[in-house]
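Presented below is the structure to which this report refers.
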Amino acid sequence: MTRPPEDADARRTVAPVICYPTVTLPQPDLALYARARAQARVVAQVTVPAREAATFRVRAGQFFRISCPEASQVGDLNLFNAQNPDERFFSGKTRALHGTHVSTGARLWSNLPHLRPMATIIADTLDWYGTDAFGGRVHDVIGTRCDPHTHFLLSGGESYHHCCHSNLTRALVGEGYPRETAERMVHDVLNVFMCTGFTADTGQYFMKASPARRGDAIEFFAEIDLLGVLSACPGGDCSTEHSSDAAPCHPLLVEVMAAEAGALAGWASPPVNGYERTHGLTI
């Protein structure tokens, strides 16, 4: 290891600066959403089988709720603009704006050049968890999703087809996309109910048993028309391992709810980002 310079301690004690201060970021009207949600009715339900994935659609101004109907289960969520799948969830920018883990009030942002809220988290029964002694938190936007390529690499050549990446791919094929297209569409996820963090000594990504129990749920308000794809991770509650059939797994439930007419008066679906996209070029 390189010998530390004389001012090493001074360099380490420099105070951090938040990269993207959010004080000027437009804030969602959570009170309006809560009033509308209180009178909303369920208009669709989708059960995501254990170790599989399923798609669902939500119109702008509707709500959707992901829950554990039987027992603790982690889910990997992808979101697309229902009319334009090139616009999709951008976990990296969501992480930069809201932190490594998200809960009530955070928004799920779309990729460049669109960069607008796709959905807003309006309720979370696990918001009590906070940060545990290991640095673990719930609902992360740091894990990329378990995938068969990494499993092949780490297992010495084993092919496993129920990784979340493969599950999400098959679900999109069920929507009519060719396999090669669907595989490229799958993107970094929101790990619903997953408890994760980074080790203090090596900085490695870790997972631990999800604190979710039967009936726990996270709810969203759809800011635009959405195609959602949710995988019930083969890791179950992710207390031991994923990318195998070893862990007990359970289904997830998605409920789509519509507010009463007029309940969202004054709300409008956000437009795409207003940057003019010249990038300083004159041609």
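Some values worked out for this structure:
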quantity	calculated
Per residue convex hull volume, Cα atoms of the range 129-276, in Å³	198 Å³
Additional length obtainable on full extension of the chain from residue 127 to residue 208, 0.36 nm per residue less Cα span	27.5 nm
Mean-position separation - Cα centroids, the range 212-283 and the range 48-97, in angstrom	3 Å
Isotropically averaged projected area of the range 1-73, using the convex hull of Cα atoms (one quarter of hull area), nm²	11.6 nm²
Modelled label reach - residue 1, point 7 Å along Cα→Cβ, the range 165-204 residues with backbone N closer than 14 Å	201-203
Whole-angstrom Cα spans of the range 218-273 along principal axes, big to small	49, 29, 17
Surface accessible to a 1.4 Å probe, residue 278 within the full protein complex, Å²	60 Å²
Computed lengthening from residue 43 to residue 59, 0.36 nm per intervening residue step minus Cα-Cα distance	4.7 nm
Helical mean residue ellipticity (222 nm; -39500 (n - 2.57) per DSSP H run of 4+; nearest 500) of the chain	-4500 deg cm²/dmol
Relative contact order (%) - criterion: Cα under 8 Å, at least six apart; region: the range 53-160	19 percent
Contact order normalised by residue count of the range 130-241, Cα under 8 Å, 6+ apart, percent	30 percent
12 Å cut-off, amide nitrogen to a point 7 angstrom out along residue 9 Cα→Cβ, residues in the range 167-201	none
Residue-level accessible surface for residue 190, protein heavy atoms, 1.4 Å, Å²	0 Å²
Computed FRET value (nearest 0.05) for residue 19 with residue 158, which takes r as the C-beta separation and R₀ as 41 Å	0.60
The range 146-226 shape via C-alpha gyration tensor axes, a/c threshold 1.5	oblate
Those residues of the range 1-38 whose amide nitrogen sits under 19 Å from the label point placed on residue 260, 7 Å along Cα→Cβ	31-38
Surface share of carbon and sulfur [accessible, 1.4 angstrom probe, percent] for the chain	54 percent
Calculated on alpha-carbon atoms, Rg and Dmax of the range 53-126 in Å	12.8, 40
3J(HN,Hα) from dihedral phi, the range 176-183, Karplus parametrisation 6.51/-1.76/1.60, rounded to Hz, x for glycine, proline	x, 7, x, 4, 5, 5, 4, 4
Shape category assigned to the chain from the gyration tensor of Cα positions, a/c cut at 1.5	rounded
The range 62-177: equivalent-ellipsoid semi-axes (sqrt of 5 x gyration tensor eigenvalues, Cα, Å)	24, 21, 15
Selected from 117, 211, 270 as most flexible by GNM, with the chain as the system and alpha-carbon contacts under 10 Å	270
Average accessible area per residue (Å²) across the range 146-283 - probe 1.4 Å, nucleic acids and ligands excluded	49 Å²
Hz values of 3J(HN,Hα) by residue in the range 109-123 - Karplus curve (6.51, -1.76, 1.60), Gly and Pro given as x	9, 8, 6, 5, x, 6, 5, 9, x, 8, 8, 10, 6, 10, 7
Residue range of the chain that is longest and free of GluC sites (Glu not before Pro) which are both DSSP loop and sparsely packed (at most 10 other C-beta within 10 Å)	7-275
Cα-only Debye scattering, the range 196-241: base-10 log of I(q)/I(0) at q = 0.17, 0.20, 0.27, 0.32 Å⁻¹	-0.76, -0.90, -1.06, -1.18
Estimated FRET transfer efficiency when R0 is 41 angstrom, pair residue 246-residue 282 (beta carbons, to 0.05)	0.10
Accessible area in square angstrom per residue, the range 4-131, 1.4 angstrom probe	51 Å²
√(5λ) per eigenvalue of the Cα gyration tensor, the range 122-189, largest first, Å	29, 19, 8
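The values are calculated or read from the model by the stated rules, or taken from the named source; none is laboratory data. Just so it is clear, the structure is predicted and the values come from calculations on it, not from any experiment. All Cβ positions, glycine included, derive from the backbone under ideal geometry; neighbour counts span all protein chains shown. When the accessible area is computed, the model is the full protein with side chains, heavy atoms only, and any ligands, DNA or RNA have been set aside. Shrake-Rupley method; radii C 1.70, N 1.55, O 1.52, S 1.80 Å.
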